[in-house]
Amino acid sequence: MIWLSWRRHRLSLLLIAVLFVALGIWMALVAHWFGILYHLSVEGFKLCGDNVRCEQSFGQRHTVTTDFGTFSLSRQATAIDALLLCVPCLLGVVFGAPLVARELTGHTNRLAWTQTVSRTRWLMANWLVTGVSLISLVALLTWFEWWWYSRVQFGSAFLHYFWGGVVSPPIFSVSGIVPVAYTAFAFTLGTALGAIIRRSSWAAVGTVVAYIAVGAIVLVGVRPYLAPHDFITGDSGIFGINPRGGILERDLPWTLGTGYRFAPGAHVDTGDSPTDVGLRCLARSPEAYGDELAPAQPYDDCLAFSRVQVGTLYMPARSYWTLQWRESAIFLALTGGLLALSVRSVRRWRA
Amino acid sequence: MAAEPTIQFRLDRSSGVPAYRQLVDQVRQALRLGILRPGDQLPTVRDVVKQVAINPNTVHRAYRDLEHQGLTEGRPGSGTFIRRSLSKVPEEQPALLRQLEQWISAARAAGLGDEAIAALVAQAMRTSGRKT
Amino acid sequence: MTAALETEGLGRRYRTNWGLRDCTLSVPEGSITGLVGPNGAGKSTLLRLAAGLSRPTTGTVSIFGRVVDPNSVDHLGRVGYFDQLRPLYASFRVKEMLTFGRRLNPNWDDDAAHRWLEDLDIPLNQRIGKLSLGQQAEVALTVCMGKRPDLLLLDEPVASLDPLARRQLLQTLMGTVAERGTTVFLSSHIVSELEPVCDRLIILSASRVQLSDSVESILSDHHLLVGPRPAPAPAGVEVISSTETGRQSTLLVRGAPTGLGPTWETAQPDLDAIVLAYLEGTSIQARQGEAAAGAPSEGPR
């Protein structure tokens, strides 16, 4: 059965491996040029090679001009990151949706399900062979991405922080172990939808929609609560520090929002602007503060009087691995549920 | 079983004669003509159905019939073998053969063609009754 | 003798219409049973129900005494199924289809499978997609038979094959049956294809079983009666179909007619004519049934 699964899927899996290698080459080139920029920034502006001119300017514009044209490194790095974010969903659509659906539309299930193997074993073998292959490729890609991120981040950091720290969404979702969990989830989601809807195209659409929905819910409603938050008073400007002498970009926290609390350790309400907070403070007991408030700074004085703290709520970088493990666990649990659903659907199918 | 098949069966589907009877008749005909002799082995059921694509039960039935008629015997593990002959080889009947040759020369001398001779023979066989 | 396949009141409904209805039949072990009927009569439905690819709406279907369970490896190992569409993996080579059979069936006879393909002159290295229709059918049959099933379910195995391919496929099939005593249940809409190979025949029309009997009994039980018009119905027989021309009336009947007058001629119908009569009779009954809105009388079982 393993033989059959590999024989059926070997061509598309090899194709994906080749595409991953191409992606890796692109990433290596971009990282290479960012590395050159890093040296430029340290030693001063100079030619970065024969027939090549490198430019750096404010506003995240890192461009390289060669005989082949002008490339914007920043845009390419952003494109790579976006592509990496899409990889699990794309794999789910391309491999998961047709896994069962293709057999049903081509009627080859009538051949496979009348041999001496139970449908459970048939599905598990197909799912394992393709799933393990995809997960291995994604794991390699993610490991490579770790190196790539560090090169890009060093090269661009002297001017402007590129994406934020590793714990911020653009980098968090494509590094560590979560991409493997996302891939397993997307692939199994595609498989389940293909088994239920029985048409590859509709299953593909459903996979994309469901994946984005789940991803959005987890990002906004689940991930922020998987580890404790930190709160720092004052405005968020404290995070803009020279990387040479202060926080590394990778250690930058994930800003969750500005908020206020009425005592240290108390619950933080976010979402209100400092002005709204001040108004609410004044609304609480205008008589208490009355004449004491300086007319020029009613909000600040009120806040000082009532000992409300306004500041920034954030997820510190040190929670990175905790978040990674817990979020992966959630997606793997979802994967297990979807796998059970797929098996049940396949076992119950009748013409 | 690398030996050449001793008899090739044919089925005439449009004749209205049941398949098993056609097989029996073809074996009897072969015995009469001396194509099959005592001791020869009939093709296995499997070889017959591979040749003619009919139901194996049909072949089993034909072979059983032949056994009932005493023409064949089945040896377990070996196959079905001819037991008895039906042919009367012309050499065993030299007198009859000479008489026949004389009569045919006389018929030819009287101006009869081959077809007319055959028709006369058939008519004579009918009127005199048949013996197996 | 145990029944290889048995159904009891079996029915299958697709949304609004019934693909098969009130089907009760029995296929004896070791027999070769033919299932004949027009397209859409329910032959494929019946075979799919027996193979476990369909779920019955009413009734039961059992194989070798056990109710069909598509997830039972025991059932899957004993039953070989040949689908009408003859699905194969088009990108596989012929020898890879044999590997498929070997890997997915513990009871696979690789030598026999190679021998069959060799006898049929099918190149092992050729891709399935490049084979002719007849060769694909032969490969599909090889995959079916290679796992040494006790029961073979074949849905239109020789449909749209040229005469040579048809003969080769049947030769291979009969050879295996002779060797192993496999029970065969095969369907076709052409009676002449089934007649030389079948012991028994089941006529399926309008999603119901019209007749189920041995070929010998069918041939001896049915008679063709020709008489002048108008002709009173003879006693002791069941009229299956009747045709009338200007002066003559031809009846195909089941049973031995008694007390026939001298104006009647009898003849022996061939199997084709008998099946045709049942199929015509069904369509007449169906029309009458629609008009009268009552249950049409059942054909003999």
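The values are calculated or read from the model by the stated rules, or taken from the named source; none is laboratory data. Since the model is a prediction, treat every value here as computed from it, not as a measurement. Cβ coordinates were reconstructed from backbone atoms using ideal geometry, including for glycine residues, and neighbour counts include every protein chain displayed.
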Would you check if C:G101 is modelled with pLDDT of 95 or more, surrounded by 19 or more Cβ atoms within 10 Å (Cβ to Cβ) and either within 14 Å of chain B (Cβ to nearest Cβ) or touching a strand residue (DSSP E or B) at 6+ places or on another chain (Cβ under 9 Å) (or both)? no
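Tell me, yes or no, whether the stretch B:22-37 has at least one residue that is over 16 Å from the mean Cα position of the chain (by Cα) and within 13 Å of chain C (Cβ to nearest Cβ).
First, pick out the residues of the stretch B:22-37 that are over 16 Å from the mean Cα position of the chain (by Cα): none.
The answer is no; no qualifying residue exists.
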Here is a list of conditions, (1) surrounded by fewer than 21 Cβ atoms within 10 Å (Cβ to Cβ); (2) closer than 19 Å to C:V239 by Cα; (3) touching a strand residue (DSSP E or B) at 6+ places or on another chain (Cβ under 8 Å), and C:D199 meets all of them except one; can you say which number that is? (2)
Specify which of the listed residues (B:L11, B:L36) is part of a loop (DSSP other than H, G, I, E, B), of a type in the set (A, V, I, L, M, F, W, C) and not assigned by TED's automatic domain parsing to the domain that holds B:Q69. B:L11
Looking at the stretch C:56-69, can you tell me whether even one residue there is closer than 17 Å to C:S187 by Cβ and hydroxyl-bearing (S, T, Y)? no
Subset of the stretch A:322-351, residues within 14 Å of chain C (Cβ to nearest Cβ) and among the aromatic types (F, W, Y), comes to A:W349
Can you confirm whether C:L47 is within 27 Å of A:R10 (Cα to Cα), surrounded by 15 or more Cβ atoms within 10 Å (Cβ to Cβ) and more than 9 Å from chain A (Cβ to nearest Cβ)? no
Go through (1) touching a strand residue (DSSP E or B) at 6+ places or on another chain (Cβ under 9 Å); (2) modelled with pLDDT under 70 for C:E290 and report which single condition fails. (1)
Residues satisfying the stated conditions in the stretch B:38-47, i.e. more than 11 Å from B:Y63 (Cα to Cα) and within 14 Å of chain C (Cβ to nearest Cβ): B:R46, B:D47
Being surrounded by 22 or more Cβ atoms within 10 Å (Cβ to Cβ), within 14 Å of chain A (Cβ to nearest Cβ), touching a residue at least 40 places away in the same chain (Cβ under 8 Å) and not in a helix (DSSP H, G or I): is that true of C:L141 here? no
Taking C:R103 as the residue in question, decide whether it is touching a helix residue (DSSP H, G or I) at 6+ places or on another chain (Cβ under 6 Å) and not assigned by TED's automatic domain parsing to the domain that holds C:L276. yes
Considering only strands (runs of 3 or more DSSP E) wholly within the stretch A:9-107, the ones with at least 3 residues that are at pLDDT 95 or above are none
Do you know which of the residues in the stretch C:176-189 that are touching a residue at least 12 places away in the same chain (Cβ under 8 Å) and out of contact with any strand residue (DSSP E or B) (no Cβ under 8 Å at 6 or more places or on another chain) is surrounded by the most Cβ atoms within 10 Å (Cβ to Cβ)? C:T176
Within the group A:V138, A:V129, which residue is within 13 Å of A:T191 (Cβ to Cβ), more than 10 Å from chain C (Cβ to nearest Cβ), aliphatic (A, V, I, L, M) and assigned to a helix (DSSP H, G or I)? A:V129
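Among the residues of the stretch B:50-78, which ones are more than 20 Å from the chain's Cα centre (by Cα) and within 14 Å of chain C (Cβ to nearest Cβ)?
First, pick out the residues of the stretch B:50-78 that are more than 20 Å from the chain's Cα centre (by Cα): B:50, B:53-57, B:75-78.
Scanning the stretch B:50-78 gives B:K50, B:A53, B:I54, B:N55, B:P56, B:N57.
Does C:N125 fit the bill of being crowded, with 17+ Cβ neighbours inside 10 Å and over 28 Å from B:V59 (Cα atoms)? I'd like the intermediate steps shown before the answer.
Numbers: crowded, with 17+ Cβ neighbours inside 10 Å: no; over 28 Å from B:V59 (Cα atoms): yes.
In short, no.
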Suppose the filter is more than 21 Å from C:Y278 (Cβ to Cβ) and touching a residue at least 24 places away in the same chain (Cβ under 8 Å); does C:L224 pass it? no
List every residue pair whose Cβ atoms lie under 7 Å apart, where the two residues are 6 or more positions apart in sequence or sit on different chains, the first residue falls within the stretch A:3-16 and is within 11 Å of chain C (Cβ to nearest Cβ), and the second residue, located anywhere, is of a type in the set (K, R) and part of a helix (DSSP H, G or I). A:W3/C:R103; A:L4/C:R103
Going by the conditions given, is C:L173 at pLDDT 90 or above, within 12 Å of chain B (Cβ to nearest Cβ) and closer than 21 Å to C:V139 by Cβ? yes
Which one of the conditions (1) within 10 Å of another protein chain (Cβ to nearest Cβ); (2) surrounded by fewer than 24 Cβ atoms within 10 Å (Cβ to Cβ); (3) assigned to a helix (DSSP H, G or I) does C:L164 fail to meet, given that it meets all the rest? (1)
Taking A:P169 and the conditions (1) closer than 25 Å to A:A329 by Cα; (2) modelled with pLDDT of 95 or more, which numbered condition does it fall short on, given that it satisfies the others? (2)
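To keep it simple, each residue is scored yes or no on (1) without any contact (Cβ under 8 Å) to a residue 60 or more places away in the chain; (2) touching a Lys or Arg at 6+ places or on another chain (Cβ under 8 Å); (3) over 30 Å from C:T24 (Cα atoms).
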{"site": "C:S205", "(1), (2), (3)": "no, no, no"}
{"site": "C:S214", "(1), (2), (3)": "yes, yes, no"}
{"site": "C:S249", "(1), (2), (3)": "yes, yes, yes"}
{"site": "C:P257", "(1), (2), (3)": "yes, no, no"}
What residue, of B:R84, B:R75, is basic (K, R), modelled with pLDDT of 80 or more and in contact with a Pro (Cβ under 7 Å, 6 or more places away or on another chain)? B:R84
Selected residue (criterion: farthest from A:T114 (Cα to Cα)) from residues of the stretch C:59-84 that are among the aliphatic types (A, V, I, L, M), free of Cβ contacts under 8 Å to residues at least 40 places away in the same chain and surrounded by 15 or more Cβ atoms within 10 Å (Cβ to Cβ): C:V68
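Considering only residues that are touching a Leu at 6+ places or on another chain (Cβ under 6 Å) and either farther than 22 Å from C:G19 by Cβ or within 10 Å of another protein chain (Cβ to nearest Cβ) (or both), which ones fall in the stretch C:176-190?
Within the stretch C:176-190, the subset touching a Leu at 6+ places or on another chain (Cβ under 6 Å) is C:182-188.
Listed by number, the residues that qualify are C:T182, C:T183, C:V184.
Name every residue in the stretch A:309-351 that is assigned to a helix (DSSP H, G or I), more than 30 Å from A:R121 (Cβ to Cβ), touching a residue at least 12 places away in the same chain (Cβ under 8 Å) and not hydroxyl-bearing (S, T, Y), in order of residue number. Walk me through how you get there before you give the answer.
The first filter runs over the stretch A:309-351 and keeps only residues assigned to a helix (DSSP H, G or I), leaving A:317-348.
Restricting the remaining residues to those that are more than 30 Å from A:R121 (Cβ to Cβ) gives A:317-327.
Filter once more, keeping what is touching a residue at least 12 places away in the same chain (Cβ under 8 Å): A:317, A:319-327.
Once the filter is applied, which keeps residues that are assigned to a helix (DSSP H, G or I), more than 30 Å from A:R121 (Cβ to Cβ), touching a residue at least 12 places away in the same chain (Cβ under 8 Å) and not hydroxyl-bearing (S, T, Y), the stretch A:309-351 yields A:A317, A:W321, A:L323, A:Q324, A:W325, A:R326, A:E327.
Please go through the stretch B:9-42 and pick out each residue that is under 20 Å from C:P196 (Cβ atoms) and touching a strand residue (DSSP E or B) at 6+ places or on another chain (Cβ under 9 Å). Write out each step before concluding.
Within the stretch B:9-42, the subset under 20 Å from C:P196 (Cβ atoms) is B:9-27, B:42.
Once the filter is applied, which keeps residues that are under 20 Å from C:P196 (Cβ atoms) and touching a strand residue (DSSP E or B) at 6+ places or on another chain (Cβ under 9 Å), the stretch B:9-42 yields B:V27, B:L42.
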